[in-house]
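Shown next, in structure tokens, is the structure this report addresses.
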Amino acid sequence: MKLSDKLKKSLVIGLSITAIMIVFLSQLLYVNPYTSSWDQVDFSLAVQRFDLMAMQPHFPGYPLFILGGKFIHLFVNDPSKALTLFNILFYASTVFPIYKLCRSFLSDGYSWLSAAIIYSSSFCIIMVNQPMSEGAALAAFWWYLLSLFFAFKKTNSTFILIPLAILSLMLGIRLSYLPFSIGILFLFYLKDKNKTITRVDLIYYCLFGVAFQACWIVALIVSEGSLIGFIKLSLAFTSGHFNDWGGAIETSKISFLERLSKFSWGNIVWTGIAGKSLITLVIFIFFLGVILFHRYKKQETKPNHPFIQLLYLMFSCYFVWGLLGQNIEKARHALPLIILLVFIICIHLFSKRVSYLILGLAFILLGHQVWKDVILLKAEGTESPAVYKMNEYISKMDQPVILYTWEETRVLQYLNAPYPHKRLETFDFFKSDSKYFRGRTILLTDKVVEGFLTQGHSLDGKIIKVASFQSNELFDPVYHDITLYKWIGNEAVH
């Protein structure tokens with residue numbers, strides 16, 4: 001290797017590792033102290049007392065994520081921070097599987113560069129720094145991918161037990177990653193095709209897979225008290241949560257094409273890969289153009305390995321599930337698709353000779369992501385969410401109030417708000433309930449107002465705007481902009 005090549009390799013590796021360290025230390029420095037959504041409250045309460053019936057957390061329980069949070073809670077008093085720190089530390093471990101997977105297709109230097117680009121992906125980083133299961137699930141997913149690749153290479157079929165065990169870990173953290181179990185079926189298919197495993201062994205490994213999953217499922221059943229009770233609880237939750245396009249109010253009435261556009265472009269590309277940054281988007285589009293140009297010129301850039309085929313298969317399966325079965329209001333549900341796409345782009349881009357233009361743009365991308373990560377992490381860790389600002393505003397009002405909200409009330413309960421507040425769904429309930437609060441100022445959030453309008457009730461002359469509260473949409477996709485209204489209806493709603 002020429003001296004110039006050695007220097008370039010050292011520079012690439014050094015800058016890549018430095019970028020990873022800056023992001024990791026920033027995550028620890030600006031640990032998110034806020035619990036700003038219904039799900040975050042569920043998870044945080046579960047760290048102190050695990051109870052599915054009390055929605056601590058909601059079904060299916062995410063037991064291994066809560067277990068990780070409970071362990072960190074031994075050293076960190078705040079349960080929300082404990083969950084976030086568990087995410088951060090577990091996600092930091094993914095540098096190893098990301099690098100090892102890249103190293104199977106790329107040189108040492110470009111493997112580190114790819115690992116740094118993937119690890120520092122801005123949207124993934126800010127999601128990791130929240131008390132939500134996505135961060136830990138994303139980390140488990142990378143280890144699952146590495147275990148599958150490892151099992152692919154080994155002729156000894158015993159190594160199949162590793163991805164089976166890690167699949168159980170991943171699903172015990174976040175059950176919605178179930179479509180990725182197609183990786184196990186693909187592994188079985190390849191082993192059978194290559195005659196490195198017998199049909200009898202396949203049956204045994206299937207039983208092992210069931211046993212691994214049973215470890216956390218049985219624990220949930222025991223925590224609920226009985227199998228019948230657990231089944232009733234699961235049916236009660238899923239019947240209301242996984243209908244109407246994943247249960248989203250705002251997106252339940254949109255057409256399939258609108259949903260496809262929002263999920264593909266809005267969630268995966270603009271929010272997920274680009275992090276709502278035009279610079280990042282333009283660079284990735286250029287990289288994609290280079291890859292397609294090489295394919296068009298017959299300069300094959302696609303590594304010839306069944307693992308790459310598996311990545312496309314896994315992407316397709318989860319894409320369908322994310323599109324049809326998840327709440328597309330929340331881009332975090334597309335996280336695994338985001339990192340899969342970035343990984344595939346890096347493998348295709350750096351698997352052939354890399355020009356100085358591509359290398360320069362890759363470092364611009366990495367530097368921009370790291371710079372943006374630090375800014376976003378600082379904002380996420382220091383700036384109050386909109387619901388916190390609303391709570392502070394109402395708490396300081398010098399008059400008795402009653403607040404009607406949608407999901408915000410769960411956060412207000414967690415914050416021990418000093419005024420009465422209720423979750424509201426229908427105008428009829430509002431009419432019957434508000435009459436008990438005569439003499440109080442009646443406040444409504446914009447989600448409640450939107451619900452009344454959707455139900456066909458005119459509010460002209462009945463409400464006035466009081467205040468608005470904002471936070472970053474990347475952190476709070478649904479409740480980043482809350483408007484507070486005062487009810488001035490002449491009939492006192494009765």
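Data overview
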quantity	calculated
Exposure ranking of Ser168, Ser37 by accessible area [1.4 Å probe, largest first]	Ser37, Ser168
Of Lys396/Lys465; Lys81/Lys378; Lys431/Lys462; Lys276/Lys330; Lys100/Lys378; Lys81/Lys232, those spanning more than 24 Å from alpha-carbon to alpha-carbon	Lys100/Lys378; Lys81/Lys232
Largest to smallest principal axis extent of the C-alpha atoms in the stretch 1-115, angstrom	65, 28, 24
Cross-link partners of Lys372 among aspartates and glutamates (Cα-Cα below 18 Å; sequence separation of 8 or more within a chain)	Glu380, Glu383, Glu473, Asp476
Sorted peptide list for 147-157, 4-14, 333-343, criterion being average Cβ within 10 angstrom, highest first	333-343, 147-157, 4-14
Helix 182-193 vs. the chain, principal-axis angle (Cα, 0 to 90°, nearest 10)	20 degrees
Per-peptide average of other Cβ atoms within 10 Å, ordering 368-379, 430-441 highest first	368-379, 430-441
Alpha-carbon gyration tensor eigenvalues x 5, square-rooted, for the stretch 90-242, Å	29, 25, 11
Rg over Rh [alpha-carbon atoms, Kirkwood Rh] for the chain	1.00
Apportionment of accessible area to carbon and sulfur, the stretch 284-409, percent (1.4 Å)	62 percent
Other-chain or far-sequence residues with amide H under 5 Å of Thr441's (modelled H)	Val401, Ile402
Rounded to the nearest 10 Å², the accessible area of Met53 at probe 1.4 Å	120 Å²
Apportionment of accessible area to carbon and sulfur, the stretch 94-214, percent (1.4 Å)	69 percent
1.4 Å probe accessible area per residue over the stretch 322-403, in Å²	37 Å²
Stokes-Einstein D in µm²/s, Kirkwood radius over Cα pairs - the stretch 400-494 at 25 °C with 0.890 mPa s viscosity	178 µm²/s
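The values are calculated or read from the model by the stated rules, or taken from the named source; none is laboratory data. Remember, predicted model here, so these are calculated numbers, not experimental data. Note that we place each Cβ from the backbone using ideal geometry, even for glycine, and neighbour counts take in every protein chain shown. Areas reflect the complete protein model, heavy atoms only, side chains present, ligands, DNA and RNA absent. Shrake-Rupley method; radii C 1.70, N 1.55, O 1.52, S 1.80 Å.
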